Amino acid sequence: MPYVEEVIAPAGNWLIGGDLEVLKPIKYNDGLDNYRLSPKQLREEFDRRKADAVFAFQLRNPVHNGHALLMNDTRQRLLDMGYKNPILLLHPLGGFTKVDDVPLDVRMEQHSKVISIIFSHTVSSKNQFCLISVLQSSGF
C-alpha cells in the first residue's frame, strides 16, 4: 500500500491520533499567513458572504485555462440549479511541493489575478465569489 509505505512507515515510533487541540496557529511569516484559514474561519467566512453553496478546487500549480473553464462551469451549473451565491474555495497546496513547482507566493499572486479575470464578466464587483485559503502540506 503506497500510503503506508510512503507516509506511515517512515514516521517511526510516533503517530498521532484522536482529538487534537491547537493552542496557537502556526505562523510561517512568509507573507501568506492571512491565507491559512482554519475550518472554523472558513465556515465563518462562508456565512459572512452568505454562501448557499461552496465548490472547492485544490491545486499545486498555477491556474490555467482548463482550470478556469472547470471553475466557471461549476459555478454556472450551481446557479442553474438554483443556488444564488455559490462561493469558490480555491485551495492551493502550500508547504512541500515538487522541486520544479512554481513557488507558493508567485502562485498566490497569479491565482488572485486570474480569478478576478475569470469571473469578472459573470459576477458583480460587490459580490465576493472566491475565497483563497492555502492548504499547508507537511510533506509530498
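The values are calculated or read from the model by the stated rules, or taken from the named source; none is laboratory data. Source: prediction; values computed, not measured. Neighbour counts run over all protein chains shown; Cβ positions are idealised from the backbone, glycine included.
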Inset, instruction - Determine which single condition ARG60 fails, assuming it passes every other condition in (1) of a type outside the set (Phe, Trp, Tyr); (2) without any contact (Cβ under 8 Å) to a residue 40 or more places away in the chain; (3) under 17 Å from ILE132 (Cβ atoms). - result: (2)
Legend entry - Count of the range 66-93 residues which are in a strand (DSSP E or B) and either over 15 Å from ILE115 (Cβ atoms) or touching a Lys or Arg at 6+ places or on another chain (Cβ under 7 Å) (or both): 5
Inset, instruction - Please specify each residue of the range 1-55 satisfying the condition of being among the hydroxyl-bearing types (Ser, Thr, Tyr) and under 16 Å from the mean Cα position of the chain (by Cα). - result: TYR35, SER38
Legend entry - Residue list for the range 94-114, restricted to those being in a loop (DSSP other than H, G, I, E, B), in contact (Cβ under 8 Å) with a residue 40 or more places away in the chain and charged (D, E, K, R): LYS98, ASP101
Inset, instruction - May I ask you to verify whether VAL63 is hydrophobic (A, V, I, L, M, F, W, C), loosely packed, with under 11 Cβ neighbours inside 10 Å, at pLDDT 80 or above and in a loop (DSSP other than H, G, I, E, B)? - result: no
Inset, instruction - Considering only the range 23-58, state which residues are outside any loop (DSSP other than H, G, I, E, B) and touching a strand residue (DSSP E or B) at 6+ places or on another chain (Cβ under 9 Å). - result: TYR35, LEU42, GLU45, PHE46, ALA53, VAL54, PHE55, ALA56, PHE57, GLN58
Legend entry - Residue check for LEU78: within 17 Å of the chain's Cα centre (by Cα) and modelled with pLDDT of 85 or more: no
Legend entry - Per-region count, the range 28-59, residues among the basic types (Lys, Arg) and crowded, with 17+ Cβ neighbours inside 10 Å: 1
Legend entry - Hits in the range 59-101 (condition: of a type in the set (D, E, K, R) and touching a strand residue (DSSP E or B) at 6+ places or on another chain (Cβ under 8 Å)): ARG60, ARG75
Inset, instruction - Kindly indicate whether any position in the range 4-20 is surrounded by fewer than 10 Cβ atoms within 10 Å (Cβ to Cβ) and either touching a residue at least 12 places away in the same chain (Cβ under 8 Å) or of a type in the set (Phe, Trp, Tyr) (or both). - result: yes
